[in-house]
Amino acid sequence: MPKLAEQGVYIASESTIHRIIKEEKQNTYRSKAKAPVKRVPPTHIATAQNQVWTWDITWLDGSVKGLYFKLYLILDMFNRMIVGYEVWETENAEYGKILVKRALLAQKISGMPSYTSL
């Protein structure tokens, strides 16, 4: 509308525009924009394969309502390759340890990893 007004083209008066906006329920209150979220730079950066792994547990629907299986998944952060996965019926820290050991064997990595979150 301001561009048209600058060109001398008037479609309706300001009060008519406000009335139309009100009729169309487009005059809702607009709150102030939220403050930008401060992002923390990543603490772990992978520059090659098998330097940093990340893992997650995802709930998968079972065949019966209310029954879920737990997918344990390990990803390599460098190339997003699935390093290891297992499906169990429950969440258990021992299952996580088993999965990490199997992933280490599959990737032919020797030595014990430093567990930062287990």
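Each value in this text was obtained by applying a stated rule to the coordinates, not by laboratory testing. Everything quoted here is computed from the prediction, not taken from an experiment. Neighbour counts run over all protein chains shown; Cβ positions are idealised from the backbone, glycine included.
Summary table below
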{"item": "Subset of region 44-64 [within 22 Å of the chain's Cα centre (by Cα), within 27 Å of residue 91 (Cα to Cα) and loosely packed, with under 11 Cβ neighbours inside 10 Å]", "result": "44, 56, 59, 60, 61"}
{"item": "Which numbered condition residue 73 misses (of (1) of a type in the set (A, V, I, L, M); (2) more than 14 Å from residue 102 (Cα to Cα); (3) in contact with an Asp or Glu (Cβ under 8 Å, 6 or more places away or on another chain))", "result": "(2)"}
{"item": "Residue match in region 65-87 (condition: touching a helix residue (DSSP H, G or I) at 6+ places or on another chain (Cβ under 6 Å), outside any loop (DSSP other than H, G, I, E, B), surrounded by 10 or more Cβ atoms within 10 Å (Cβ to Cβ) and of a type in the set (Ser, Thr, Tyr))", "result": "yes"}
{"item": "Number of the exception - residue 18 against (1) surrounded by 10 or more Cβ atoms within 10 Å (Cβ to Cβ); (2) of a type outside the set (Gly, Ala, Ser); (3) touching a residue at least 12 places away in the same chain (Cβ under 8 Å)", "result": "(3)"}
{"item": "Unmet criterion (only one of (1) in a helix (DSSP H, G or I); (2) in contact with a strand residue (DSSP E or B) (Cβ under 8 Å, 6 or more places away or on another chain)) for residue 3", "result": "(2)"}
{"item": "Pairs with Cβ under 9 Å, 6+ apart, first in region 39-56 and more than 21 Å from residue 96 (Cα to Cα), second β-branched (Val, Ile, Thr) and surrounded by 12 or more Cβ atoms within 10 Å (Cβ to Cβ)", "result": "45/52; 46/52"}
